[in-house]
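Below is one structure, written out as structure tokens; comments come after it.
The values are calculated or read from the model by the stated rules, or taken from the named source; none is laboratory data. None of the values given here were measured: they were computed from a predicted structure. As a convention, Cβ positions derive from the backbone with ideal geometry for all residues, glycine included, and neighbour counts pool all protein chains shown.
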Amino acid sequence: MGGMFFSKATTFGDEELVRAIAASPPDACRTENGLVDRLKAKDAAAFETLVERFSGAVYSVAFRISADREEAADLTQETFLRAFKSIAGFRGDASLKTWLIRIAINQSRNRSRWWRRRRREQTMSLDDPIGESGASVGDKIAGANADPEQETLRREREAALLRALSTLKPIYREAIVLADIEGLTYLECAAVLDINMGTLKSRIARAREELRNKLKDF
């Protein structure tokens with residue numbers, strides 16, 4: 001499945017990220033509704049459009065949740081196959097993006113249960129290529145004009161953050177990945193995770209606190 005890439009630099013801010021969901025322009029709503037109608041009619045071209053439009057976002061979430069590029073690719077493919085099979089049940093109470101990410105989260109949970117019985121060591125390298133350009137995670141973190149020392153420090157911090165993120169309990173990792181890395185609104189996060197706003201805020205606060213403690217030397 002082409003077009004999948006990870007392009008977001010990882011940043012964790014302490015400031016609250018509560019934002020109101022902006023109303024979609026009428027034309028955008030009609031466009032998405034039209035795509036849904038075509039998907040429900042099992043239009044192959046519509047499915048290709050769905051993958052092209054949202055595979056990057058789905059893969060990015062899957063990568064941060066799983067901490068493994070191959071696992072994320074598998075999860076992304078499973079997500080779109082599941083979406084194609086279940087599109088008839090799409091009610092439109094959430095955007096296609098939110099719906100797809102919800103499917104990806106559920107698929108990830110299912111696979112995690114399987115992996116817990118077959119635990120394996122996961123390693124990540126900042127030098128691994130992550131996009132069509134062949135750029136690495138480290139390349140994304142380093143500024144265009146960073147000197148070698150600054151770049152090294154940033155790469156070390158990113159590596160530490162990735163390790164710390166992978167140690168969080170899944171419920172906390174999911175919340176902070178969606179809110180602080182993927183930039184979903186709190187309302188979108190709550191919808192994806194199927195939890196109320198108070199629970200979401202509590203999980204994000206707990207995740208941030210744990211990350212700050214793990215990264216206090218950085």
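Among residues of the range 154-181 being acidic (Asp, Glu) and surrounded by 18 or more Cβ atoms within 10 Å (Cβ to Cβ), the one that is farthest from ARG206 (Cα to Cα) is GLU158.
Screening ASP68, ASP14, ASP74 for residues that are of a type outside the set (S, T, N, Q), surrounded by fewer than 17 Cβ atoms within 10 Å (Cβ to Cβ), modelled with pLDDT of 65 or more and not assigned by TED's automatic domain parsing to the domain that holds LEU161 leaves exactly one candidate, ASP74. When the range 44-61 is filtered for residues that are farther than 24 Å from GLY183 by Cβ and surrounded by fewer than 14 Cβ atoms within 10 Å (Cβ to Cβ), the ones remaining, listed by number, are ALA44, ALA45, GLU48. Residue count for the range 152-179, restricted to those that are basic (Lys, Arg) and either in the same structural domain as ALA67 (by TED's automatic domain parsing) or under 25 Å from ILE101 (Cα atoms) (or both): 3. Please go through the range 44-79 and pick out each residue that is more than 30 Å from ALA164 (Cβ to Cβ) and in contact with a Leu (Cβ under 9 Å, 6 or more places away or on another chain). Scanning the range 44-79 gives ALA46, PHE47, THR49, LEU50, ARG53. Of all the numbered requirements in (1) touching a helix residue (DSSP H, G or I) at 6+ places or on another chain (Cβ under 9 Å); (2) at pLDDT below 60, ARG117 misses one, and that requirement is (1).
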